[in-house]
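Trainee: I am attaching a structure below and will ask some questions about it afterwards.
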Amino acid sequence: MIVLPSVWGQNGNSSLQKQMEEIRSLCHSMQEENDLLKAEIRSRDSLAYTRLRLQIFEAFNTVPRLNFDFIHTTDKIAVTGLFTKLLQANNPTSDILGFRFNDVILETSEKYFLVELKSEPERTRFSQVIHKLVNNPVISVLANSNPITSVTAAIISTVAGFSSTSVQVEKEGNHIKNVAATTKDAFSQKNIEGFRLELQPYIEFYDALNTASSRYISNLKSINQKYNYLKAKVDAVHSQLFASIAISDSNTWIMLTQSLPDPGHGNTNFEKYIINPQILNCAAIAAGIPSLDQSVKEFRKEYELSLYSFLKEYILALQSAKKLSPSSIDHSKIDKLIGEIEGFIQHELQTEAS
């Protein structure tokens, strides 16, 4: 007997097979969506980790540089030795500018005053007085700004009160009838004024040097307050950053790479790092470093602009020295110092000055 396939059975199997295919298709779609979601989450975590890692690495690179920036900035002049030469230029006993003011003032005193003294004892006494005034360290120490002004004023005050005594003898025959002594000012007002006028350019020159130096020193007081604050902050952030994930100064980059591996190597579990409290704390510290870096850059700019202004003002003062008496000035030494200052500005402060 021939048995024909059941229409119902065929239809039932076909329907079941269709349902199975639909379920398989749905599962496949869900798997694809799940894989896509996992890939999206991993990509998001990878991006978050890469940003966090880059921020931390940049922080570890920046903080040590901030300390160097402070040292390089504040020691800029000291390293070159230029500041020592500028101090010598301010010193009237130095010949770094081609003359010693002590010699100038002695020569000028003799030029205007010794010629008016006829008696050799008086000339000797006057020379001794002037030498003591010129070489008296107390006058320079007590002077608030310009020791040259103090020395010049002391000499003028001395010569103004310097008197010369003449003796008149009245005789009758071979007998002395009367003796009279006359005291008068030893020096004329004309010579005193001539002395002052000849030294006035020197006084103005040293005033200009001292004004430039005083303004710079005054600016430094304000800048140093910022320096102390920023330096303490940089040191504190440096310590906090390295302590946050237990990194040492000696093997910084090796330890950092071990703590935060390259995101492109291996099957890195990014989520583990981006939720790690220590790493998040380190990242929070790192986030504040760009602002600190900017503060240090502003400090450097303020300091170097102050230094630039000081040196340019100092050059102008040195150039005014060329108006002084040519016989007492070696202009080549002034030009040499000006050249050193300009060279320093060009190589060390060119960026800041522009």
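Computed from the coordinates by the stated procedures, all read-outs in this text should not be read as laboratory data. Computed from a predicted structure; not experimentally measured.
Trainee: Going down the table (K85/K333; K190/K322; K111/K333; K226/K297; K85/K336; K221/K336), which pairs top 19 Å between alpha carbons? Can you show the working numbers first?
Mentor: On the way: K85/K333 12 Å; K190/K322 26 Å; K111/K333 26 Å; K226/K297 12 Å; K85/K336 11 Å; K221/K336 30 Å.
Check vs 19 Å cut-off fails for K190/K322; K111/K333; K221/K336.
Trainee: State whether the stretch 226-281 is rounded, prolate or oblate according to the following rule on the C-alpha gyration tensor (a ≥ b ≥ c being the square roots of its eigenvalues): a/c under 1.5 gives rounded; otherwise a/b larger than b/c gives prolate, and the remaining case gives oblate.
Mentor: prolate
Trainee: Hey, another quick one. Indicate the gyration tensor shape class of the stretch 204-347 (rounded, prolate or oblate), computed on the Cα atoms with a ≥ b ≥ c the square roots of the eigenvalues: a/c under 1.5 is rounded; otherwise a/b larger than b/c is prolate and the rest oblate.
Mentor: Working: a/c = 5.03, a/b = 3.18, b/c = 1.58.
Cα axes put the stretch 204-347 in the prolate bin.
Trainee: When the chain is fully extended, how far beyond the present Cα-Cα distance does N228 get from N251, taking 0.36 nm per residue of separation?
Mentor: Values: separation 23, 0.36 × 23 = 8.28 nm, distance 2.86 nm.
Between N228 and N251, full extension yields 5.4 nm more.
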